[in-house]
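Following: one structure in structure tokens, then a few remarks.
Values in this text are rule-based calculations from the coordinates and carry no lab data. Please read all numbers here as calculations on a predicted model, not as lab measurements. Here the Cβ is made from the backbone with ideal geometry for all residues, glycine too, and neighbour counts use every protein chain on show.
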Amino acid sequence: MSRLKQLYNWFEMRLQLEGPVKEAALHPIPTKSASWWYVFGSAAATLLMLQIVTGILLALVYVPSGAEAWKSLDELNNHLVLGWFLRAMHGWGSNFMVAVVLIHMCQVFTFGAYKFPRELTWILGVFMLLMTLGMAFTGQVLRFDQDAYWGLGIGASIMSRVPLIGGPLVNLLLGGPIIAGATLSRFFALHVFVIPGALLLFTALHIWMVIKLGINEWPMPGRIVRRDTYVQEYHGLTKKDGIPFVPEGLWKDLFFSAAVLAAVAVCAFVFGPFGPGGQPDPTIINTAPRPDFFFLWLYAVLSYLPPSLETPFILIVPVLGICALLLLPLLAGEGEKSWHRRPVAILLLVTIAVSLGIFTHLGTFTPWSPIMDAWSGDPVPPKMIHDVSPLERQGAVVFQAKQCRNCHSIGGSGGLRGPALDAVATRMTEDQLIRQVLQGGGNMPAYGKNLSPPEVTALVRFLETLKPAGRLPATDASLQEQKAQGAAPQP
Amino acid sequence: MSEQKHVTRRWLLMGIGVAFNAVVGAAIAVPVIGYLLSPIKKKGTYYKWISLGKLDQFPEGQTRLADFVNPFERPQDGETAKTPCWVRRVSADKFQVFAINCAHLGCPVRWFPQSELFMCPCHGGVYYADGERASGPPERGLFTYQYKVEKGELHIDAGQMPTLADEAKLVTITGKGKSPCLG
């Protein structure tokens, strides 16, 4: 017996792990389930390991103190060998993890894998998704910069909308009256101890159940899940047409996990770490806070909700959504698994995915946000004021000076909060323009108090020049009708 | 019979053991709930009168950015102990002190003296010079701090991040020298 074998036996005699490991590794899986579609769960687990390792390495240097955190991130980025790379790996690993977890969930949903007897596996998975998002949010806070600071402000503002206990909840979230050192400390505890601990425990149970209950078989139209026959049918399937998980299924998992790790490393190397942005000094107010990528959709939704709907929406919809996810396997635990026979499920998935995609896309350029420096940074294009009267040119000055540009674009630059004004003269008459400027409305502030009558006249004259060549200006139809009637001979 | 008794006795002892642990555990854990909830204080505890400095730095008819150090500062807070606010001097002894936080989701609003508007960079909330809501998603005007003038200095009652949860504290509808309700 070789030395190595002896050593192995010494440990095995004491650990007795060979039996359960062999059982787990060699358990039969349906042949068709050894598919590239089944690699996302293991990739998510690999990314979790990556996050733990890179997280520990970062924690060797990071200081979870409101006064020091930003400086320690700066040290990681700029003064330590590969500190920037580890931060980048952790940041990109986080993005990849959220993405892979979401893809894994979509795959499981599409393949009907949440049905009997895997309901609890799905339910644990829902909590794991929430924890993954929780890790992403708390991680963004630990990157203690301006975005983190004001992001916490948004979190506190949302909390404050909870009826009755909103105020205490804000203090609990912040660890005191304001966003400060105590806030960072508690988010550090959440990000480093509480959520990862729970996530690891849930992951262990999740994988345990996958091994014990067997991986979901490839859904076939007409193969109906029934509580009293399913387990028998599944075992029949794996007996008749099964292959051992190792190596038939595992090699694809290994390939994909390695590819994902390599992709994280390439992104980290090419794009570098995320931030930190400006120092978390609240008195620097010239900042436009943005959430991280996976919360952009929420940022978009919060800007489009009408004020009256906002609080109920923020407080009720997430609860309903989470309840729906948790109840899904309990209410739809039987029946068809195949996507060919589940049109409602697939339509729902596509609708949610497209909506999230659109909101995220909007979140990348935030058309609802005024561009705070457009009034001073984006001049009126010279060709627009080339052949205009002095009064109209004065109007262009008013247009710039009164920050109209922050919300209205002309010539392709400026804010998108309000409509672009390149052709406003074809849409609105002089009277309508004056009324809109003075009284506002339709989500525009009233400028009546802030503009002198000459300024209004100049501004409206300038706006009336804003129409594409060859297009007629807007006219008041009723006024013209009156004029026409006045001119026509009375019967 | 005797064997059954044995088992019963041991189960009983185990039951007592569990109960003993529960009692000790509860005795230790219950006070710790107080530790966890310690950031929650009685209404008004997180407020103190703070000076924003001499009156002459706030010209009449203008709105200026001021900042103060939070009265409940801790050493690890660093820069985050500072809080900015907007001071509008309406007349010699009439002020409005607005919180920096947008009433929508708490982002920092910026003052534009040319158009006399506060604008929020996050979701586009806009407020008039007197703090009243002009447009966008906020459901009310800017939060205001109570103020008083003492020995030529402007003092405000501040310390807690203003949110919709404690607007009762932050908006006073009546009272001399205080801001009108803007909501």
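Things to note:
- With the simple spin-label model, which puts each label point 7 Å out from Cα in the Cβ direction, the A:Ala484 to B:Ser38 separation comes to 8.1 nm.
- Separation in nanometres of the label points that stand 7 Å from Cα toward Cβ, at A:Phe365 and A:Ser413: 1.6 nm
- Size check on the protein assembly as shown: the Cα extents along the three principal axes, sorted descending, read 109, 72, 57 Å.
- Compactness index (Cα Rg / 2.2 N^0.38 Å), the range B:1-40: 1.94
- Neighbour counts of other Cβ atoms within 10 Å put A:Val192, A:Val397, A:Val319, B:Val126 in the fewest-to-most order A:Val319, A:Val397, A:Val192, B:Val126.
- The range B:48-170: relative contact order in percent, alpha carbon pairs under 8 Å with at least 6 residues between: 25 percent
- Checking the cross-link pairs A:Lys383/A:Lys449; A:Lys383/A:Lys483; B:Lys41/B:Lys151; A:Lys212/A:Lys240; A:Lys71/A:Lys402 against a 29 Å limit on the alpha carbon distance flags A:Lys383/A:Lys449; A:Lys383/A:Lys483; B:Lys41/B:Lys151; A:Lys71/A:Lys402 as lying beyond it.
- Distance-filtered residues of the range A:185-215 - backbone nitrogen under 13 Å, label point 7 angstrom along A:Ile322 Cα→Cβ: none
- Here the spin labels are modelled as points 7 Å beyond Cα on the Cα-Cβ line, and at A:Ser2 and A:Tyr304 they lie 6.3 nm apart.
- Exposure proxy ranking for A:Leu433, A:Leu60, A:Leu325, based on other Cβ atoms within 10 angstrom of each Cβ and starting from the fewest, stands as A:Leu60, A:Leu325, A:Leu433.
- The A:Met49 and B:Lys48 beta-carbon pair, evaluated with R₀ = 35 Å, returns a calculated FRET efficiency of approximately 0.15.
- A:Ile165-A:Asp373 FRET efficiency (beta carbon distance; Förster radius 45 Å; 0.05 resolution): 0.70
- For residues of A:365-372, the mean tally of beta carbons on other chains within 10 Å: 5
- When both the range A:83-149 and the range B:7-70 are represented by their alpha-carbon centers, they are found 30 Å apart.
- Our analysis of the range B:48-170 gives Rg over Rh at 0.95, with the two radii drawn from alpha carbon positions and Rh computed by the Kirkwood formula.
- For chain A, averaging the sequence separation of C-alpha pairs within contact (under 8 Å, six or more residues apart) and dividing by the residue count gives a relative contact order of 19 percent.
- Sparse-neighbourhood loop sites, GluC sites (Glu not before Pro) in the range A:6-72 - DSSP loop, at most 15 other Cβ within 10 angstrom: none
- Ellipsoid fit via the Cα gyration tensor, the range A:1-118: semi-axes of 37, 27, 12 Å, each the root of five times an eigenvalue, largest first.
- Degrees, to the nearest 10: B:2-36 long Cα axis against longest axis of chain B: 20 degrees
- All Cα pairs of the range A:184-287, percent lying beyond 17 Å: 76 percent
- Sites B:Leu65 and A:Val397 - FRET efficiency at Förster radius 25 Å, r taken between beta-carbons, to 0.05: 0.45
- DSSP-loop GluC sites (Glu not before Pro) across the range B:56-104, with at most 15 other Cβ within 10 angstrom: B:Glu60
- For chain A, complete DSSP H runs whose alpha carbons reach 27 Å or more along their own long axis and whose mean Kyte-Doolittle score is 0.0 or higher are A:40-59, A:83-110, A:119-142, A:250-271, A:307-331, A:343-365.
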